[in-house]
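Contents: one structure, followed by commentary.
Taken together, the values in this text are just the output of simple stated rules run on the coordinates, not laboratory data. Just so you know, these numbers come straight off a predicted model, no measurement behind them. Every residue, glycine as well, gets a Cβ built from its backbone with ideal geometry; the counts of neighbours run over all protein chains shown.
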Amino acid sequence: MSEASSTATSSLPHAPPVGRVTQARVARSELTKLRSLRSTRWALLVTLILTIGIGILACTVFAARWPHLGLSDRQHFRPLRVSLAGVNLAQLSIGVLGVLVISGEYTTGMIRSTFAAVPKRLPVLWAKAGVFAAVTLAVSLPAVLIVFFVGQSILSSQHIQIAFSHPGVARAVIGAALFLTVMGVFGLGIGAIVRHTAGGIVTLVAILFVLPPILGLLPSSWSNAINPYLPSSAADVLWTITPEAHTLSPWAGFALFCGYAAASLAIAAVLLVRRDT
Amino acid sequence: MPQSAWDPNQLLIRACLTCGRAHGESGRTRLIEANGLTKRYGEKVAVRDLTFTVRPGVVTGFLGPNGSGKSTTMRLILGLDAPNSGHATVNGKRYRDHLAPLHEVGALLEARSVHTGRSAYNHLLALAQTHGIGRSRVRELIEMVGLGEVATKRAGQFSLGMGQRLGIAATLLGDPAIVMLDEPVNGLDPEGIQWVRNLLKGLAAEGRTVFVSSHLMSEMALTAEHLIVIGRGELIADMNTADFVRRASKKAVRVRSPQAARLRELIAGSDVSVADIEPGVLEITGLTAEQIGEAAAANAIVLHELTPQQATLEEAFMELTQDAVEFQAGAPPLPPATAGAPA
């Protein structure tokens, strides 16, 4: 110790904790973690390609086949839904990435380093959810806007396009990006609860894709009553303008889906604080 | 790896980057205090009623066989696992109650605690950013631990030794008052082991608290001035390393004599035990070398060798853990009738 430092010390016996942990700093750390993994970059790129590529492909097929399509096909044609076809697959890649964002830390042991740096733990969960939601929105919003406008311009060759100003369309297009964002958070919550990559992915897929067909096996009075409240059904209504029977209104459905995501995070938060690492 | 980059004193003497002060100063107790720590995993008791204090300024070794609860104890201190009873504090507070934990304790955790897909640089940067520690500090530490050339490689491709160096770099990020390392020399080459020894001694000489676990007694003999020894999750010894060896030393005397049989008869007694090591060589416990030598001279017995045996640290350790095991087995809990009866 030099004399200068001991003087500085005695004049500052309780030096302000300059390097203390804040929520903003933890968020910055989580952003570094997110962008420094090859798997994250790939998954986001795949989401972008799926969303744009599949939508354009679907629009191209319809535009090319339109003169040969029968009345039934023409009646069931939905220009908005076709251009957003890729979102159906993107939800899976985003949801799985959400699981990975946290399960990857558990499987590699990184979580011990993370919690040694932030022993209060909850700031890590909030930061992961916030940063991942922001990144997902930043990727998916341009993707859905691009695929909507490119897709509709392809469809316009047959004059079967729908305008952005058409009632509900703007809400549905932007809603598709919001849907993907919340799906990512839902996956992250599940990943934090399950703590294993494979288990987390299986749980997510089961909730989204296995629950609905099982429900379909029940008597229709039951399934019609329950179906609107399933996460998958509640999530879908925001990005469609032709609601099916037995569904909630767009914003009510989306609010419920947000509730599911919030619940998964809340359960994860309780477990995160209580469980050993 | 260039030797110059390994000089631990480079980073340690100067002031802390995050707060501009030199460390080891007042305002912090710099103690690790474990108070009645008990941790069970299901039926298995990993740590039982462990109480000890680790003090600044010296390297304190945390010694015990594999599976004796060393890593568990360190996880309890860091709050990674919650104890079933008891508590641990660092610098007077629970670890999780500190505002800048990496500034209080730098910890090297067991095995790998690194995401295999992330580069060494980004791993350290992510940890540093939680405390607002800058990139320059990260680069400096990477150079210091000798990972400069592989800083952008994924940590999953690292050897065990490189992983340990990365872990040690993470330990020093916040210029902590307390350094706690779990088996730091595992997987290091001789040069790396030497470097870790010097680093630990340098950190202690700076006035920091250095708590380092190992199952290797010989390693502890070289680095630790003080020892906390556990076996089966219980405290066996908490003492100066030299005292530890002395206390456990069996104080035997090795005697080589062509008249071994006669010497044996001569010194026989209730307090004396004699072991035949090989023909003509005895190991005598219960008498000093002086007493044996004088007895031999008085009876005109020729001695070719008369050597007091000093137990090595390994032997001392084996003996003490052995005692603990025997004590456990030989002292069942008092039967209720005896315990409850009025005296």
Compactness index (Cα Rg / 2.2 N^0.38 Å), the range B:3-246: 0.96
20 Å-binned pair-distance histogram of the protein assembly as shown (Cα, whole percent): 17, 36, 26, 15, 5, 2, 0
Distance between the range B:180-234 and the range B:246-304 - C-alpha centres, whole angstrom: 38 Å
Hull shadow area, averaged, chain A [alpha-carbon convex hull, nm²]: 19.9 nm²
Surrounding net charge for A:Gln158, when Lys and Arg each add one and Asp and Glu each subtract one, Cβ distance under 12 Å: +2
Kirkwood Rh and Cα Rg combined as Rg over Rh, evaluated for the range A:106-262: 1.05
Dipole moment magnitude, nearest 20 debye, the protein assembly as shown about Cα centre, only Lys, Arg, Asp, Glu C-beta charged: 2680 debye
Cα-based reach from B:Lys93 at 25 Å (exclusive), listing lysines while leaving out same-chain residues under 8 positions away: A:Lys120, B:Lys39, B:Lys70
Scattering curve values for the range B:250-308, log₁₀ I(q)/I(0), Debye with Cα scatterers, q = 0.20 Å⁻¹: -0.61
P(r) tail fraction, the range B:181-270 - alpha-carbon pairs more than 20 Å apart, %: 53 percent
Estimated [θ] at 222 nm from DSSP helical runs (n ≥ 4, -39500 (n - 2.57)) normalised by residues in chain A, nearest 500: -24000 deg cm²/dmol
